[in-house]
Amino acid sequence: MSDPLTLGVAGLGTVGMGLIQLLAAHAPRLQQMLGRSVKVTGVSARSRDKERGGGLDDVRWFDDPVALARDPSNQVFVELIGGEEGPAKAAIEAALRAKKHVVTANKALLAKHGIALARLAEENGVALNFEAAVAGGIPIIKTLREALAANRVKRVYGILNGTCNFILTKMTDEHMSFADALREAQELGYAEADPSFDVGGFDAAHKLSLLVSLAFGTVIDFDRIHVEGIEAITTADIAAAAELGYSIKLLGVASDTEDGVEARVTPVLVAEESALAEVSGVTNCVGIDGDFAGNLLLVGPGAGAKPTASAVASDIVDIARGLVMPPFIRSTNVLAPARGLDLGTHLGNYYVRLYVYDRPGAMAAITRRMSDENVSLESIVQKRPGRGVHPGQAAEPPPGAAEPAVNVILITHDTTEDAMRKALWAIEADGHVAERPQMIRIEDL
């Protein structure tokens with residue numbers, strides 16, 4: 001029997017303690033599979049006094065995670081602190097320089113410093129594993145690194161943030177407003193007191209930036225991802241989408257084209273009969289289009305102590321088996337520069353909701369502005385006050401509307417993002433709408 005694989009774990013929140021519990025619960029099984037035990041020898045967290053439910057009695061405590069990272073008694077450093085700078089970054093760098101394998105769930109840090117850390121890991125011949133950084137318990141990193149290694153991936157997409165998916169599900173199924181659905185998400189612990197990182201789309205964008213690098217062999221470039229959140233989605237949009245046969249989801253979508261990589265995180269309309277529309281609550285999903293494997297869709301829990309701890313443990317198991325590979329599949333020396341594609345060139349169908357003043361000539365002016373930009377309309381639906389929202393629920397007119405207005409829903413034929421934005425800017429400038437036009441892309445996924 002080989003010597004134990006020893007771990008230093010920094011961060012004892014829900015995921016850290018979930019990992020401790022998993023390793024204890026499955027210790028005999030892991031030893032049988034690996035031919036060696038897996039043992040936590042040191043831990044670090046902000047407070048020693050916090051009640052954590054046991055499991056730490058025979059473990060050394062380190063107040064400084066960097067000291068834990070350098071400690072020779074552990075072979076693997078597990079970073080579960082979080083944050084793109086500060087102790088998490090310093091500790092990972094210290095561990096890699098000490099030729100220790102690293103496992104992390106820190107997508108924000110990887111989105112900003114992933115390539116530099118991967119290069120450091122390669123120089124020192126150690127692993128930098130991060131299965132838990134994207135989509136919780138879904139094994140998407142392993143799928144890209146191993147199962148699809150012989151494929152050219154053309155597109156990767158998915159529901160990457162459980163908080164947003166929970167809010168949109170509540171708005172759809174229970175006719176809640178965005179504010180009420182967010183409040184419930186906060187009460188249940190799915191959203192932070194400051195939810196802007198989630199609902200603004202930035203959490204999903206961090207994850208998408210990692211998927212882009214893995215899937216397309218490019219360096220990480222978070223700044224090239226177009227990001228929109230769900231704050232502007234209303235019950236009127238949810239209801240109008242349902243009437244048209246769609247559901248609204250926050251999706252991360254990245255496509256590798258001859259002209260560059262188009263990557264965006266935005267609300268989109270997906271057909272109600274699509275698999276994506278069925279993904280509800282805090283569940284995540286990731287789709288991959290491979291040239292030989294075809295389209296794969298992986299669905300599962302995107303967060304939580306047990307699913308995320310499971311993903312962390314899977315990385316530890318790989319290390320125990322001696323599997324060390326470049327963190328981003330290819331060596332950092334051969335990763336291609338990021339080739340961002342201007343979103344203005346995106347071609348597709350669009351949903352537009354306008355709150356139009358009920359006056360003669362308003363619709364004629366709107367359709368003329370669309371025509372000026374060569375935007376062809378597939379359908380126009382006008383909703384009188386009180387319609388286009390869920391039964392028994394009041395409409396959501398903007399505060400201070402100067403005169404009666406109605407919701408008008410437009411669906412376009414294929415057109416470019418630039419053309420849509422120019423047309424909507426002109427429509428708003430003409431003064432026939434009581435609020436900023438709402439535009440949502442329609443995705444055929």
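The values are calculated or read from the model by the stated rules, or taken from the named source; none is laboratory data. All figures in this text were calculated on a predicted structure; none of them were measured in a lab. Cβ: placed from backbone, ideal geometry, glycine included. Neighbour counts: every protein chain shown.
Computed quantities for the displayed model
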quantity: The listed residue being surrounded by fewer than 16 Cβ atoms within 10 Å (Cβ to Cβ) and either farther than 20 Å from Ser209 by Cβ or in the same structural domain as Gly229 (by TED's automatic domain parsing) (or both), out of Thr283, Thr266, Thr257; calculated: Thr257
quantity: Single unsatisfied condition, Ala45 versus (1) touching a helix residue (DSSP H, G or I) at 6+ places or on another chain (Cβ under 7 Å); (2) free of Cβ contacts under 8 Å to residues at least 40 places away in the same chain; (3) buried (at least 17 other Cβ atoms within 10 Å of the Cβ); calculated: (1)
quantity: Filtered residues of region 12-46 (kept if under 23 Å from Gly82 (Cα atoms), of a type outside the set (Gly, Ala, Ser) and assigned to a loop (DSSP other than H, G, I, E, B)); calculated: Leu12, Arg46
quantity: Enumerated strands (runs of 3 or more DSSP E) restricted to region 261-376, each holding at least 2 residues that are without any contact (Cβ under 8 Å) to a residue 12 or more places away in the chain; calculated: 294-301
quantity: Residue in region 152-165 that is part of a helix (DSSP H, G or I) and modelled with pLDDT of 95 or more present; calculated: yes
quantity: Only one of Ala95, Ala147, Ala133, Ala111 that is farther than 20 Å from Ala309 by Cβ and touching a strand residue (DSSP E or B) at 6+ places or on another chain (Cβ under 9 Å); calculated: Ala147
quantity: Total residues in region 332-344, condition exposed (fewer than 15 other Cβ atoms within 10 Å of the Cβ) and either of a type in the set (Gly, Ala, Ser) or within 23 Å of Ala429 (Cα to Cα) (or both); calculated: 2
quantity: Of all residues making up region 47-95, the number that are more than 20 Å from Ala132 (Cβ to Cβ) and in a loop (DSSP other than H, G, I, E, B); calculated: 16
quantity: Search result, residues across region 180-191 that are surrounded by 13 or more Cβ atoms within 10 Å (Cβ to Cβ) and over 15 Å from Gly302 (Cβ atoms); calculated: Asp180, Ala181, Leu182, Arg183, Glu184, Gln186
quantity: Candidates Ala401, Ala405, filtered to the one that is of a type outside the set (Val, Ile, Thr) and at pLDDT 80 or above; calculated: Ala405
quantity: Residues satisfying the stated conditions in region 192-228, i.e. surrounded by fewer than 21 Cβ atoms within 10 Å (Cβ to Cβ), among the hydrophobic types (A, V, I, L, M, F, W, C) and more than 14 Å from the chain's Cα centre (by Cα); calculated: Ala193, Val219
